[in-house]
Amino acid sequence: MRTSYYHGGLVDEHSAGLDPARYTAGLAAAAARRGALLFERTTVLDLQRSGPEFSVHTSQGALRSGAVLVASNGYTGYHAPGLDPWLRRRIVPIGSHILATERLDAALATRLIPRGRMVFDTKNMLFYFRRSPDNRILFGGRATFTPTSLETTSRILRQGMLAVFPELAQARIEHIWGGRVGFTFDLEPQLGVHDGIHYALGYCGHGVALGTLLGGSVARLIAGLPEDSPFLTLPFPSNPAYRGRPWFLPLAGAWFRVLDLAR
């Protein structure tokens, strides 16, 4: 990789990358082929238990089910804060954003990341980046721990990108997007059942891989099949001062920046 920003790196020959949007669409299509009913843009407003069944009230209507799975990760409690306060007190939402440059000259893009690897660093306010098949640089990170506009986020990430790759100073930014990742207080993913409700969440930025792994585990639990996942035995800590609104993130972000500078 062509940069003087880092002193060195570690190559994992067994790692790989994929397009999360295409992967999600493929999973949805596979589920639909097996008879699953999918309801997009549908908010769960209330959840009530009556004997062995649950009544799920949504923005599109109500349904009854013998099992409920909460897999909302960084969006737990986002639309209906009172829906599951027990989970909401244990998941901290943190923003993660990515920008994409314009299409670059192939020689430049290849020179910056010659082997086309997925790259991430070890900072608390980390960067992660790659070269796309059409020779853009996709550059992401924890731009800020406070709510902000995409314009501000783009500026912060672009500064980081130029620190790593000064040769991109003239490259236009054509796209930026972001969302929420779900962190736990002990940085461990969570799988289990609470008050009869199954959950799988808290992937701490590794949701594509861990969501797939824990998705299979929680499916076996719901189906009543044996499941010996080590994540089932983990504690699920909270904090007495946390009720689902991460008021402490600006302070944590400032502290993490100090730690990164001290490295």
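Using the Cβ atoms and a cut-off under 13 Å, what net charge is assigned to the surroundings of residue 62, where Lys and Arg are +1 and Asp and Glu are -1? Net charge around residue 62: -1. Using a cutoff of 8 angstrom between alpha carbon atoms and counting only pairs six or more residues apart, the relative contact order for the chain works out to 21 percent.
Assuming charge only on the beta carbon of Lys and Arg (+1) and of Asp and Glu (-1), the dipole of the range 93-183 about its Cα centre is about 220 debye to the nearest 20. Of all DSSP-defined beta bridges confined to the chain, some 95% are antiparallel rather than parallel.
Using the Cβ of residue 196 as centre and a radius below 15 Å, the other residues enclosed give a net charge of -1, where K and R count +1 and D and E count -1.
Shown here: P(r) over Cα pairs in 10 Å bins from 0, in percent, derived from the displayed model; of the candidates (i) 6, 25, 32, 23, 12, 2, 0; (ii) 7, 30, 35, 22, 6, 0; (iii) 6, 16, 18, 18, 14, 11, 7, 4, 3, 2, 1, 0, 0, it corresponds to (i).
Estimated from the Cβ-Cβ distance and a Förster radius of 45 angstrom, the FRET efficiency linking residue 78 and residue 107 is about 0.55. Phi angles across the range 101-107 convert, under the Karplus curve 6.51 cos²θ - 1.76 cosθ + 1.60 with θ = phi - 60°, into 3J(HN,Hα) values of 6, 5, 5, 9, 4, 4, 5 Hz, Gly and Pro given as x. Taken along the Cα-to-beta-carbon direction at a fixed 7 Å, the label points for residue 177 and residue 49 span 3.7 nm. The magnitude of the dipole of the chain, with charges of +1 and -1 set on the Cβ of Lys/Arg and Asp/Glu and taken from the Cα centre, is near 440 debye.
Here the range 205-263 and the range 63-128 have alpha carbon centers that stand 12 Å from each other. Farthest toward the dipole's positive end in the range 115-216, which of 182, 160, 122, given Cβ charges of +1 (Lys, Arg) and -1 (Asp, Glu) about the Cα centre? Result: 160, furthest along the dipole toward the positive end.
Distance from the C-alpha centroid of the range 17-42 to that of the range 157-179: 31 Å, rounded to the whole angstrom. Phi-derived couplings, Karplus 6.51 cos²θ - 1.76 cosθ + 1.60 at θ = phi - 60°, listed residue by residue for the range 70-86: 9, 10, 7, 6, x, 10, 4, x, 5, 8, 10, x, x, 5, 9, x, 4 Hz, with x used for Gly and Pro. Neighbour counts of C-beta atoms inside 10 Å place 161, 125 in the sequence 125, 161, starting with the fewest. Using θ = phi - 60° in the Karplus curve 6.51 cos²θ - 1.76 cosθ + 1.60, the 3J(HN,Hα) couplings for the range 159-169 round to 4, x, 4, 6, 5, 7, 10, x, 5, 9, 4 Hz; x is entered for Gly and Pro.
Gain on full extension, evaluated as 0.36 nm per residue between residue 41 and residue 170 minus their Cα-Cα distance, stands at 42.6 nm.
Every number here is computed from the coordinates shown, using simple stated rules; none is lab data. Predicted model only: the values in this text are computed from it and were never measured. For neighbour counting, all protein chains shown are included, and Cβ atoms are generated from backbone atoms with ideal geometry for every residue, glycine included.
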